[in-house]
Amino acid sequence: MTSRSPLRLGLLGVLWAGVTAAQVTNMDVNSDLPYTFLPPGARSAGMGGAFTALADDATAAYSNPAGLLQLSRPEVSVEVRHQTFETPIADGPGSYGVAPDGSLASFPPYTDYASDATGLSFLSYTWPKPRWAVGLFRTEVTRFSIAARTDQIDGPAAFREIAPLDIRADLTIEIWGAAFAWRATPKLWLGGALTLQQLDYEAQQLDRRDPDLDWGQRASGDDAAPSGTLGLLVRPTDALRVGFAWRGGAELDARYAFTCGTRPSGARPSLCLRGGIPDGQPVPSLSGDTTFKVPDVWTLGVAFALSESLTASVQYDQIEYSDLLDGMRNSLTVETDPAGYSIDDAGDLHFGVEGLTDTRAGGTIAVRAGAWLEHQHSLRYRGSLAAGREELAVALFSTPIGDEWHATAGLGFTVGSRLQVDLAADLSRYRDTYLVSTVVRF
């Protein structure tokens, strides 16, 4: 690979549902970041995330603030979440091929890199009254990190290889909010929340053939910005509930840079040679400021009490992942057509059931099960190959992740009328999530 060779500037991560007035850049670290747009709480997770129409505990402060009116006394809710990730990253040795129409004739070889994250993922305090309710909460849209060292992959012609890389990424997006609800009529409840969303983001993808690891791409973000949530809950009958919520995503500032370096052979990126840019310094045309737009989420759910002890819930989530493409900046040494990039909005379906059994000690045991379909929402490149070197982008942005079904299950119990403890698991091909949450009523 000569000094004219484009660097493969990306890591193929996993994005679940999570997560730019710009997509920061077209580093493929941004193509599959694992956002979590599901409602918090192990009860919700055990029911496949179909909770917008239920929203009857302290987690409603985030998932659907109108549901706070279903609470009868102040509550505190705490959730701890453990996630394991399998991240497919293009990794040699091997090769890829591109057909004349721009599609992949053969995928690059991939290696699944394992990582995990554990932390306090939700905390809230709610205070209900007969006509109104308020709540404070903190939650996470994503907590993700990965480290990988990849090997070179050969391309279909000269200057199109995927370089061996040192890859590291850490991403956390927190949301702090104040929620409120108002009883408009006995059957119609309205709610909303004011939120502050905070980004903590560091990523690098550096050519391992540069001993000083100067040659490559870095991105970072440390910013906070406001947004909001709107919620609605309708109860036409005692057995039927219909819930709607919109959760807006903030625009958060970020920075990126492509820096120059020199391999032991003396080879340097052509942009660095032409511009006389020393090692360790950024290329102006491939560096700058941008914004990271958290996608908006629209959700509509229906819950029906089949009996006093059995409830079924179904939900549709529209996640506007295409927000990530607005104003996207190119950061590849390969010039690509911005119109060739795409991320599909996702219409995810959620299903869940909950069965209750009273215990002799005066508590309740809950058994839950569910499933949900997560539609593919990765950054893809399907631009014209007229420039002769865009096939690298086709190979980089063709992650093997597709539509995925998640299976969920949960168990909960109450002690008297004040303490509720819930456990849940959400399992899929590339991400497993385990949750424990508590609700304490005063």
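The values are calculated or read from the model by the stated rules, or taken from the named source; none is laboratory data. Keep in mind that this is a model prediction, so the values were computed, not measured. Neighbour counts are summed over all protein chains in view; Cβ atoms, including those assigned to glycine, are modelled from backbone coordinates with ideal geometry.
Structure above, values below:
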read-out: Long-range neighbours under 7 Å by Cβ, at least six apart or interchain, first residue part of a loop (DSSP other than H, G, I, E, B) and surrounded by fewer than 18 Cβ atoms within 10 Å (Cβ to Cβ) within region 89-117, second of a type in the set (D, E, K, R) and modelled with pLDDT under 85; value: Gly102/Arg382
read-out: Qualifying residue in region 306-316 (condition: buried (at least 18 other Cβ atoms within 10 Å of the Cβ), more than 18 Å from the chain's Cα centre (by Cα) and small (Gly, Ala, Ser)); value: yes
read-out: One residue from Leu190, Leu171, Leu196 being assigned to a strand (DSSP E or B), surrounded by fewer than 16 Cβ atoms within 10 Å (Cβ to Cβ) and of a type outside the set (Asp, Glu); value: Leu196
read-out: Residues of region 118-133 classified as within 13 Å of Glu75 (Cβ to Cβ) and surrounded by fewer than 24 Cβ atoms within 10 Å (Cβ to Cβ), total; value: 4
read-out: Residues (crowded, with 20+ Cβ neighbours inside 10 Å and assigned to a strand (DSSP E or B)) located in region 398-414; value: His406, Thr408, Gly410, Gly412, Thr414
read-out: Pair list, Cβ < 9 Å and 6+ apart or interchain, from region 213-230 residues that are closer than 11 Å to Thr259 by Cα to residues that are of a type in the set (Phe, Trp, Tyr) and part of a loop (DSSP other than H, G, I, E, B); value: none
read-out: Pairs with Cβ under 7 Å, 6+ apart, first in region 336-351 and more than 16 Å from Ala395 (Cα to Cα), second in a helix (DSSP H, G or I); value: Asp344/Tyr321; Asp345/Tyr321; Asp345/Ser322; Ala346/Tyr321
read-out: Residue within region 297-306 that is more than 23 Å from Gly370 (Cβ to Cβ), in contact with a strand residue (DSSP E or B) (Cβ under 6 Å, 6 or more places away or on another chain), of a type outside the set (Asp, Glu) and in a strand (DSSP E or B) present; value: no
read-out: Within region 240-292, tally of residues that are touching a Leu at 6+ places or on another chain (Cβ under 7 Å), of a type in the set (Phe, Trp, Tyr) and modelled with pLDDT under 90; value: 2
read-out: Residue check, Gly216 surrounded by fewer than 19 Cβ atoms within 10 Å (Cβ to Cβ) and touching a strand residue (DSSP E or B) at 6+ places or on another chain (Cβ under 7 Å); value: no
read-out: Only one of Val436, Val440 that is part of a strand (DSSP E or B) and within 24 Å of Pro128 (Cβ to Cβ); value: Val440
read-out: Of all residues making up region 213-249, the number that are in contact with a Phe, Trp or Tyr (Cβ under 9 Å, 6 or more places away or on another chain), closer than 30 Å to Ala178 by Cα and of a type in the set (Gly, Ala, Ser); value: 8
read-out: Residue within region 253-265 that is closer than 30 Å to Trp132 by Cα, of a type outside the set (Phe, Trp, Tyr) and either over 20 Å from the mean Cα position of the chain (by Cα) or crowded, with 22+ Cβ neighbours inside 10 Å (or both) present; value: no
read-out: Residue in region 154-164 that is within 24 Å of Tyr430 (Cβ to Cβ), part of a strand (DSSP E or B), touching a Phe, Trp or Tyr at 6+ places or on another chain (Cβ under 7 Å) and of a type outside the set (Phe, Trp, Tyr) present; value: no
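Listed here are the residues, each with its yes/no results for (1) touching a strand residue (DSSP E or B) at 6+ places or on another chain (Cβ under 7 Å); (2) within 23 Å of Arg168 (Cα to Cα); (3) among the aromatic types (Phe, Trp, Tyr).
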{"position": "Ala99", "(1), (2), (3)": "yes, no, no"}
{"position": "Leu104", "(1), (2), (3)": "yes, no, no"}
{"position": "Pro108", "(1), (2), (3)": "yes, yes, no"}
{"position": "Ala114", "(1), (2), (3)": "yes, yes, no"}
{"position": "Pro128", "(1), (2), (3)": "no, no, no"}
{"position": "Gly135", "(1), (2), (3)": "yes, no, no"}
{"position": "Glu140", "(1), (2), (3)": "yes, yes, no"}
{"position": "Thr150", "(1), (2), (3)": "yes, yes, no"}
